[in-house]
Amino acid sequence: MSERYNEIYRRSLNDPEGFWAEAAEAIDWDRRWDRVIDDGAQPAARWFAGGMLNTCHNALDRHVAAGIGDRTALIYDSPVTGAQRSFTYAELRDRVARFAGALASRGIGRGDRVVIYMPMVPEAAIAMLACARLGAVHSVVFGGFAANELAVRIDDSTPKAIVAGSCGIEPNRVVRYKPLLDAAIETARHKPEFCVILQREAGPAELVPGRDVDWDEAVAAASPADCVPVAATDPLYILYTSGTTGQPKGIVRDNGGHAVVLKWSMPNIYDTGPGEVFWAASDVGWVVGHSYIVYAPLLNGSTSILFEGKPIGTPDAGVYWRTIAEHGVKALFTAPTAFRAIKKEDPGCALRAAYDMSGFEALYLAGERADPDTVKWAEDHLGVPVIDHWWQTETGWPIAANCVGLGRVPVKYGSPTRAVPGWDLRVLDEAGKERPAGEIGALVARLPMPPGCAPTLWNADRRFREAYLTEFPGHYATADAGYIDEDGYVFVMARTDDIINVAGHRLSTGAMEEVLAEHPDVAECAVIGVADALKGQVPFGLLVLKDGVERDTGIIVDEAVGMVRGRIGPVAAFKSASVVARLPKTRSGKILRGTMRQIADGEEWKMPATIEDPAALDEIAASLSAAGYPN
Ligand code: COA
Ligand code: AMP
């Protein structure tokens, strides 16, 4: 075991105030905090209360002032368009300041919300940092969501402005964002005052007079804006993530704790220093993109890669190796599903031979369980440590990891290793009693959570309390089940709610059920996450039709699939469903989704004692078998 990790971990729990105050010295403050932690704050503790800072200053201006303005801050590499551009810290600072000026001249200021709906282009990062510069609160919406999901987020965050790209580029098609944006604004009750549209050559859009402004024109007419100091506890952003219903949770991130913890994580978890190249192959629409494409590498003075492509098909399964070699990437962070895709396409990893990856030192995987086969394949073919680590949108940074910067420890396959400093992890039974080592239960963190974690949900303190703090008083409930072994290694086994993980994307089966229930022929439905060799899990629907419906069930299934794609978006990957006579339920009427999933995945399952009618499960097993499950 790493002595350094042990010592630092102990210190972080014994003296959290001293520990994080020391980490906070690495950040520029306009005003120092009054209290490191305000643990009486509601609904959860607040870090660095009384402090003032600006996150964009710490990510950009500060490095320019320190004389490293000519260091590369961001490299945009876009195999889908063939474009490559890089920005020094000074160039990025200037572009961000100009765009911030364009927003400020239209009335955007501290506390105003700005929705960002953009593909993986540098302007997405520029827009985020420009909001941070003004103290405005950004809310990035992933491009793979449908107009309806965008509308829900517009209504919840009530943005004064929306910044959007005219289109995104998927390997098989151009996705026109602008019609989706127009439809979302049409549907939403809240209307933004203006939209800034980045026109892309692959799919320019028509602008709505009086509402839409062209990005280039807005920037050309703008003067640079300065950084606005904000409270450490002010929100930097809202990022919506799936909850258990169709209403997503608006995860709030503060400025102070976030800056401190992300800066700390770069050397200590990811072993990446200033000037070194870090690549998070994710999307700015996800938390990984917020933390490790935009904020953490820049706060750290590192070089970040913004990659607009896929692990395969853009143009081939060697694109990751090409990118690593060409830009001198030291650490790559992605989801296991990306490696499953590469492994499937190029099982012997033959394409790697063409590239000099001598500067590459570690691969970090997160977002879903890293299956040992994939981890071993990557270890064998890349010859570098493969680090599984566990985190959530709510936390914004890792909960458990092999902290490479603190001394790497041996890997136990299937485990994201040990609790990261700051995290006091426990495993509890249903009554809230601690489980012995090696026994499965609810994974929870003793309060207070370390800095950087969501202090609340946007406009929903009560929902925050109920979702995370009520079930196990004094603890944050992660909604993951698992165990911690006698060496302190954490094993994350399954979600305890209806969230599924599709290609590293977090989705709610409950939200899909809400959409399916609106089909005029559907009386009742259930969606379960079934195992998938590429995506980890994919959703599968079970539909019970209303009495008397005699339409072709194939057509009904196609309509249902189209509805989920149209309402939630292609990212849901909802492609199949079966019509069944009834759903298996307990005597109290609860649908037995867990047992259906076990059947679909070919796991051992027991007839639940509380089942209303055992024959219903046999019928489901037959329907699943007809649909090819277990596969
Ligand atoms: N804008 C619009 N549509 C998008 C989109 C975006 N930004 N991102 C994805 N989509 C669409 C895709 O085109 C696809 O549509 P289709 O059903 O018409 O083919 C659908 O959403 C599902 O996308 P995806 O989950 O990416 O599946 P895929 O089959 O296109 O690719 C992988 C599979 C494994 C290559 C892909 O999931 C991947 O690269 N994963 C990497 C992991 C990752 O980035 N995780 C993020 C968290 S770290
Ligand atoms: P998201 O909020 O999209 O980051 O998804 C968070 C969820 O993904 C967690 O609650 C876990 O269920 C799952 N997850 C993330 N990382 C891991 C990991 N390393 N191992 C197992 N599950 C993970």
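Observations on the model:
- Exclusive hit being more than 16 Å from ligand 1 (Cβ to nearest atom) and either in a strand (DSSP E or B) or at pLDDT below 95 (or both), set V444, V384, V411: V444
- Restricting the range 328-341 to residues that are open to solvent by less than 30 Å² (accessible area, probe 1.4 Å) and more than 10 Å from ligand 1 (Cβ to nearest atom) leaves a set whose member that is nearest to S86 (Cα to Cα) is V329.
- Filtering the range 352-380 to residues that are small (G, A, S) and either surrounded by fewer than 20 Cβ atoms within 10 Å (Cβ to Cβ) or not in a helix (DSSP H, G or I) (or both) leaves A353, A354, S358, G359, A362, A366, G367, A370.
- Some residue of the range 298-311 being more than 16 Å from ligand 2 (Cβ to nearest atom), crowded, with 20+ Cβ neighbours inside 10 Å and part of a helix (DSSP H, G or I): yes
- Only listed residue being open to solvent by 10 Å² or more (accessible area, probe 1.4 Å) and in contact with a Gly (Cβ under 8 Å, 6 or more places away or on another chain), chosen from V384, V288, V319: V288
- When Q537 is tested against (1) touching a residue at least 12 places away in the same chain (Cβ under 8 Å); (2) over 17 Å from A573 (Cα atoms), exactly one condition is not met: (2).
- Scope the range 595-623; condition among the aliphatic types (A, V, I, L, M) and over 31 Å from the mean Cα position of the chain (by Cα); matching residues: M607, A609, I611, A615, A616, L617, I620, A621, A622
- Look at the range 553-580: where a residue is on the phi > 0 side of the Ramachandran plot and a partner is open to solvent by less than 40 Å² (accessible area, probe 1.4 Å) and among the β-branched types (V, I, T), sitting 6+ places away or on another chain with Cβ atoms under 6 Å, you get A573/V502; A573/V538.
- V538 vs. criteria within 30 Å of D373 (Cβ to Cβ), within 14 Å of ligand 1 (Cβ to nearest atom), open to solvent by 10 Å² or more (accessible area, probe 1.4 Å) and of a type in the set (A, V, I, L, M, F, W, C): yes
- Failed criterion for C195 (all others in (1) in contact (Cβ under 8 Å) with a residue 60 or more places away in the chain; (2) open to solvent by less than 50 Å² (accessible area, probe 1.4 Å) hold): (1)
- Boolean, A325 is more than 9 Å from ligand 1 (Cβ to nearest atom), among the small types (G, A, S), open to solvent by 10 Å² or more (accessible area, probe 1.4 Å) and in contact (Cβ under 8 Å) with a residue 24 or more places away in the chain: yes
- Residues in the range 243-281 that are of a type in the set (S, T, Y) and crowded, with 24+ Cβ neighbours inside 10 Å: S265, Y270, T272.
The values are calculated or read from the model by the stated rules, or taken from the named source; none is laboratory data. Keep in mind the model is a prediction, meaning the values are calculated, not measured. Glycine also receives a Cβ, built like all others from the backbone with ideal geometry; neighbour counts cover every protein chain displayed. Remember, those area values only see protein heavy atoms, side chains included, never the ligands or the DNA or RNA. Shrake-Rupley method; radii C 1.70, N 1.55, O 1.52, S 1.80 Å.
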